[in-house]
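Asker: Supplied in structure tokens, the structure appears directly below.
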Amino acid sequence: MLEIIYRDEYLIAINKPHGLLVHRSPIAADASEFALQLLRDQIGQKVNPAHRIDRKTGGILLFALDKQAEVAMQQQFMENKVHKKYLAIVRGHTPDREDIDYPLRKENGTLQDAFTKYTTLKRAELDIALGKHATSRYSLVEAEPATGRMHQLRKHFSHIFHPIIGDRTHGCNKQNKLFKEMWEMETMLLHASQLQFIHPVTGKNVQISAGLQPEFLRVMQIMGW
């Protein structure tokens, strides 16, 4: 059963587990379960995604229950009118605060503006040697992407040399291998924690929050957080 964290007659949001695809995709032929079909069957009603989050990202996934709400919410996401917050565990000790203003390239080669600000919430240093380092350092950050580019947070944290743990595409292979061998952890430690927007039908301010998934909480314990 999916955890439903918000519902009215127009919108519904779940706390998506890490590893669950939003919907069927030809590039993920290995998957047999999808958030869209699971939620539809769970509530007995047709749902349509208002946005997308990566398969390996956990947290808030918003669906619309009718076409009007779907179109209106997708428009808000496209126009960057939805305020988003994410939590991530990254390699190294990050600055207290930082703005990442770094354009990202689309698949067709076009550069797009991309802006992320983040705050460091906690830092850890584990007595585990890796490579030339005698210890292993990590940070828990809260990131707020002002734009919604493909893999924006993953690419931005990689760009500043603090890749997200468990990100196989843009991350650190040595760290990912360490987490797999030491703790049997292959989850990408990125969590969509909060959405804030103006309701497309009622006009009211809506804020949705999602608690961390068990995999993320387990690593928090490992870090002593």
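Asker: For the chain, take the convex hull of the Cα atoms, compute a quarter of its surface area, and give me that in nm², please.
Answerer: Averaged projected hull area, Cα only: 13.0 nm².
Asker: Now for a separate question. Check the range 95-225 and count each lysine pair with an alpha-carbon distance under 25 angstrom, considering only pairs eight or more places apart or from different chains.
Answerer: Step by step, the pairs that qualify in the range 95-225 add up to 15.
Asker: What is the distance, in nm, between label points placed 7 Å from the Cα along the Cα-to-Cβ direction at residue 7 and at residue 123?
Answerer: Label at residue 7, label at residue 123, 4.4 nm between them.
Asker: Grab the other residues whose beta carbon is less than 13 angstrom from that of residue 185, score K and R as +1, D and E as -1, and report the net.
Answerer: For residues surrounding residue 185, the net value is 0.
Asker: Same structure, new question: Apply the Kirkwood formula to the range 47-95: the hydrodynamic radius equals the inverse of the mean of 1/r over all pairs of different alpha-carbon atoms; give it in Å with one decimal.
Answerer: Hydrodynamic radius (Kirkwood, Cα only) of the range 47-95 equals 12.7 Å.
Asker: Kindly give the semi-axes, whole Å and largest first, of the ellipsoid equivalent to the range 133-199, taking each as the square root of 5 times a Cα gyration tensor eigenvalue.
Answerer: 25, 13, 11
Asker: Measure off 7 Å from each Cα along the Cα-to-Cβ vector at residue 110 and residue 46, then give the distance between these two points in nanometres to one decimal.
Answerer: Each label point is offset 7 Å from its Cα along the Cβ direction, giving 3.0 nm.
Asker: Multiplying the sequence separation of residue 150 and residue 217 by 0.36 nm and subtracting their Cα-Cα distance, what value in nm do you get?
Answerer: Fully extending the segment from residue 150 to residue 217 adds 21.5 nm.
Asker: Assign unit charges at the C-beta atoms only (+1 for Lys and Arg, -1 for Asp and Glu), then state the dipole size of the range 21-146 relative to its Cα centre in Debye, rounded to the nearest 20.
Answerer: 120
Asker: Rank-order 95-104, 193-202 by packing density, defined as the average count of other C-beta atoms within 10 Å over each peptide's residues, highest first.
Answerer: 193-202, 95-104
Asker: Accessible area per residue of the chain at 1.4 Å probe, in Å²?
Answerer: In whole numbers, the chain has 52 Å² accessible per residue.
Asker: Follow-up. Check the range 1-95 and count each lysine pair with an alpha-carbon distance under 21 angstrom, considering only pairs eight or more places apart or from different chains.
Answerer: Close lysine pairs under the 21 Å cut-off: 8.
Asker: Report the convex hull volume per residue for the range 168-225, counting only C-alpha atoms, in Å³.
Answerer: It is 110 Å³ per residue.
Asker: Counting only protein heavy atoms and a 1.4 Å probe, tell me what percentage of the chain's accessible area is made up of carbon and sulfur.
Answerer: 48
Asker: In Å³ and rounded to a whole number, note down the convex hull volume per residue for the Cα atoms of the range 1-127.
Answerer: 175
Asker: Follow-up question, since we're still on this one. Just how large is the dipole of the chain about the Cα centre, in debye to the nearest 20, putting +1 at every Lys and Arg Cβ and -1 at every Asp and Glu Cβ?
Answerer: For the chain, the charge dipole is close to 340 debye.
Asker: At 222 nm, what helix-only mean residue ellipticity would the chain give, in deg cm²/dmol to the nearest 500, using -39500 (n - 2.57) for each DSSP H run of four or more?
Answerer: It comes out at -6500 deg cm²/dmol, rounded to the nearest 500.
The values are calculated or read from the model by the stated rules, or taken from the named source; none is laboratory data. Here the structure is a predicted model, which means the values were calculated and not measured. For neighbour counting, all protein chains shown are included, and Cβ atoms are generated from backbone atoms with ideal geometry for every residue, glycine included. Side chains are part of the model used for accessible areas, which takes the heavy atoms of the whole protein and leaves out ligands, DNA and RNA. Shrake-Rupley method; radii C 1.70, N 1.55, O 1.52, S 1.80 Å.
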